[in-house]
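Participant: My questions will all concern the structure given below.
FYI, it's all coordinate maths here, none of it is from the lab. What you see is a predicted model; the values in this text were computed from it and never measured. Note that we place each Cβ from the backbone using ideal geometry, even for glycine, and neighbour counts take in every protein chain shown.
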Amino acid sequence: MKLCEFIRPASLSAARDNLRELGPKGMLLAGGTALHFMQDHTPVVAVDIMRLGLSYIKPEGAFYTIGATTSLADIQRYRAPRWALHEICRRISTHQIRNISTLGGNICRVFPWADLPVVLLAMDARMVIYAGKDEEFSADEYFKTQPAKRFLGGDILTAVKVPALLAHHGFGSIKVVRTQASFAMVTIAARLELDGQNIKAARVAAGSAIPFPRRLPSVEAALVGREATAAVFQAAAAKAGADAPWRGREGMSPEYSRHLAEVTILDALERAATFARGRAE
Ligand SMILES: Cc1cc2nc3c(=O)[nH]c(=O)nc-3n(C[C@H](O)[C@H](O)[C@H](O)COP(=O)(O)OP(=O)(O)OC[C@H]3O[C@@H](n4cnc5c(N)ncnc54)[C@H](O)[C@@H]3O)c2cc1C
């Protein structure tokens, strides 16, 4: 995209009106870092939403609500007892990019390497979209296809509600990289709900080594109702091959990529179980 003009609307509804009037000649702009990856040089008018008060993190009941223009650096710095999102943000690109990239930018146009969709799928987050009025979507529904399609009509993601982890919840996210700021070879996130030693519920998601982030249902099914042991985690991780089209990228063959995913799932599950046990004590 080639940005030819900037508009700074004074309100969310004005921003949506601007986007609707401009149609394909307009583009919602948050941090603007994704322009680096958009090869198309079509001239567009940027509708800048960075000054609409959408940069915040608030504990609200069972959720942490994060405004869409909150930077990845702010999410990385935030700490709270039932919060685990900082872990992955610390691993995304460089300080400079994290200072500018926003949560919304990362999940409204999902690139294959995007890390936050993986974590939000595992966390069972909810996305709030302003479409004249607020509409809420589960992560499963929101990430069913490329979210950018949802925003073609001028709607705007305003917030993401991330469930606070309960006492018996454990969470682990792992991004495997070749060098510190590179794109992931694979990203895995897992949330476990333990009932004593047993796994009551599990959400496991993957990204980067597959075309689009997704949950891994066979892995999850192999966990639920079983004891949280290394053997169970290993058997569950071995089911990943059936769950997604693991592909060769970042110099990996598809077989290597699947193997790396299985090993990483095992690590993420161990981390989630340790997290849950540490909190229960
Ligand atoms: C060199 C480099 C390396 C990177 N490495 C990684 C990585 O390893 N992992 C990773 O996860 N990310 C990585 N990123 C960041 C990621 O690729 C995106 O660039 C970034 O998340 C986009 O955020 P932004 O705020 O700059 O969005 P923008 O560039 O402003 O917008 C991105 C897209 O989302 C739309 N959009 C933005 N906000 C909203 C909203 N609230 N509602 C509706 N639509 C919206 C825009 O219209 C645009 O289409 C990297 C970026 C760079 C430049």
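Participant: For the chain, find the longest principal axis of its Cα atoms and tell me its angle to the long axis of helix 254-280, 0 to 90°, nearest 10.
Facilitator: The helix 254-280 is inclined about 80 degrees to the chain.
Participant: Which percentage, to the nearest 5, of the DSSP beta bridges contained in the chain is antiparallel?
Facilitator: Working: 40 of 49 bridges.
In the chain, approximately 80 percent of DSSP beta bridges are antiparallel ones.
Participant: Where does each of Ser101, Ser13, Ser93 land when they are ranked from fewest to most other beta-carbon atoms within 10 angstrom?
Facilitator: Working: Ser101 22, Ser13 12, Ser93 18.
Going from sparsest to densest Cβ surroundings: Ser13, Ser93, Ser101.
Participant: Over 22 Å between Cα atoms, which of Lys2/Lys133; Lys25/Lys161; Lys2/Lys25; Lys149/Lys175; Lys2/Lys175; Lys25/Lys149 qualify?
Facilitator: Values: Lys2/Lys133 30 Å; Lys25/Lys161 31 Å; Lys2/Lys25 11 Å; Lys149/Lys175 27 Å; Lys2/Lys175 32 Å; Lys25/Lys149 16 Å.
The pairs that break the limit, which is 22 Å between Cα atoms, are Lys2/Lys133; Lys25/Lys161; Lys149/Lys175; Lys2/Lys175.
Participant: Fewest first, what order do Trp246, Trp83, Trp113 take by the number of other Cβ atoms within 10 Å? Kindly include the intermediate steps, with their values, before the conclusion.
Facilitator: Working: Trp246 23, Trp83 17, Trp113 20.
By the 10 Å Cβ count, ascending, the order reads Trp83, Trp113, Trp246.
Participant: Largest first, please: the extent of the C-alpha atoms of the chain along each principal axis, to the nearest Å.
Facilitator: 58, 44, 30
Participant: When N counts the residues of region 21-166, how does its alpha-carbon radius of gyration compare numerically with 2.2 N^0.38 Å, as a ratio? Display every interim value, and only then the final one.
Facilitator: Numbers: Rg = 14.7 Å, N = 146, 2.2 N^0.38 = 14.6 Å.
Output field value: 1.00.
Participant: Further question: Cα extents of region 171-280 along the three principal axes, largest first, in whole Å?
Facilitator: Here the Cα extents, ordered largest to smallest, are 42, 29, 21 Å.
Participant: Oh, and also: Report the residue, chosen from Val162, Val47, Val263, that carries the largest GNM mean-square fluctuation when the chain is represented by alpha-carbon nodes joined by springs under 10 Å.
Facilitator: Between Val162, Val47, Val263, it is Val263 that shows the largest mean-square fluctuation.
Participant: While we're here: Can you tell me the dipole magnitude for region 1-156 around its Cα centre, using point charges on the Cβ only (Lys, Arg +1; Asp, Glu -1), in Debye to the nearest 20? Show your work: numbers first, answer last.
Facilitator: On the way: 19 positive and 16 negative charges, 68 e Å.
I would put it at about 320 debye.
Participant: A follow-up question, please. Counting other beta carbons within 10 Å of each residue's own, what order do Met252, Met127, Met38 fall into, fewest first? Could the numbers behind the result be given before it?
Facilitator: Numbers: Met252 18, Met127 24, Met38 13.
Placing the least packed residue first, the sequence is Met38, Met252, Met127.
Participant: Treating the beta-carbon of each Lys and Arg as +1 and of each Asp and Glu as -1, no other charges, what is the dipole magnitude of the chain about its Cα centre, to the nearest 20 debye? Walk me through the numbers before you get to the answer.
Facilitator: Details: 35 positive and 27 negative charges, 68 e Å.
For the chain, the charge dipole is close to 320 debye.
Participant: Going toward the positive end of the dipole of the chain, with +1 on Lys and Arg Cβ and -1 on Asp and Glu Cβ, which of Phe143, Leu216, Ile107 do you reach last?
Facilitator: Ile107
Participant: Kirkwood hydrodynamic radius, computed over distinct alpha-carbon pairs, for region 1-58: how many Å, to one decimal? Don't jump to the answer; show the numbers that get you there.
Facilitator: On the way: mean 1/r = 0.0838 Å⁻¹.
Hydrodynamic radius (Kirkwood, Cα only) of region 1-58 equals 11.9 Å.
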